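> Before anything else, here's the structure in question.
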């Protein structure tokens, strides 16, 4: 996890977001324990109550469960729930801005899929494409 804090958002919220990212990225899987409050507090030099507040948000969202005396564990289905929520958030909040920029710049789907390299291919990219095509044609067919 990144050790830098953003001044625009409370640290407990940033800790919560980092745990969410770890779940989405598959670093923390269903049934895995979250790092202990004490470990996170010591590692990031923050108050344990700050860590606990961030973790409590995850409990409130039913992404993790607290097991008395044992710690916090990722709930079954947490990743799927997060994916649904993050996708909805992206489509509602970020995609309209992205789509507007795409329209404004007159970009085409092919350009986006090729990373913008569609119209301005470098000679080395064209030769790589030709080499890849030739290699794939020479592969033995099963």
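> Mind listing whichever residues of the stretch 1-34 are modelled with pLDDT of 95 or more, on the phi < 0 side of the Ramachandran plot and not in a helix (DSSP H, G or I)?
Within the stretch 1-34, 10, 25, 27, 28, 29, 30, 32, 33, 34 qualify.
> Same structure, new question: Working only within the stretch 48-89, note down all residues that are over 20 Å from the mean Cα position of the chain (by Cα), within 18 Å of residue 29 (Cβ to Cβ) and loosely packed, with under 14 Cβ neighbours inside 10 Å.
The answer is 67, 70.
> Considering only the stretch 97-106, I want to know if a residue exists there that is touching a residue at least 12 places away in the same chain (Cβ under 8 Å) and out of contact with any strand residue (DSSP E or B) (no Cβ under 6 Å at 6 or more places or on another chain).
Within the stretch 97-106 (the criterion being touching a residue at least 12 places away in the same chain (Cβ under 8 Å) and out of contact with any strand residue (DSSP E or B) (no Cβ under 6 Å at 6 or more places or on another chain)), the answer is no, since none of the residues qualifies.
> Still on this structure, I have one more. Look at residue 41 and say whether it is within 18 Å of the chain's Cα centre (by Cα) and part of a helix (DSSP H, G or I).
no
> Right, here's the next one. What number goes with the only condition from (1) over 28 Å from residue 24 (Cβ atoms); (2) within 27 Å of the chain's Cα centre (by Cα); (3) modelled with pLDDT under 90 that residue 103 does not pass?
(3)
The values are calculated or read from the model by the stated rules, or taken from the named source; none is laboratory data. Just so we're clear, the structure is a prediction, and the values are computed from it rather than from any experiment. With ideal geometry, Cβ positions are generated from the backbone for all residues, glycine too; neighbour counts draw on all protein chains shown.
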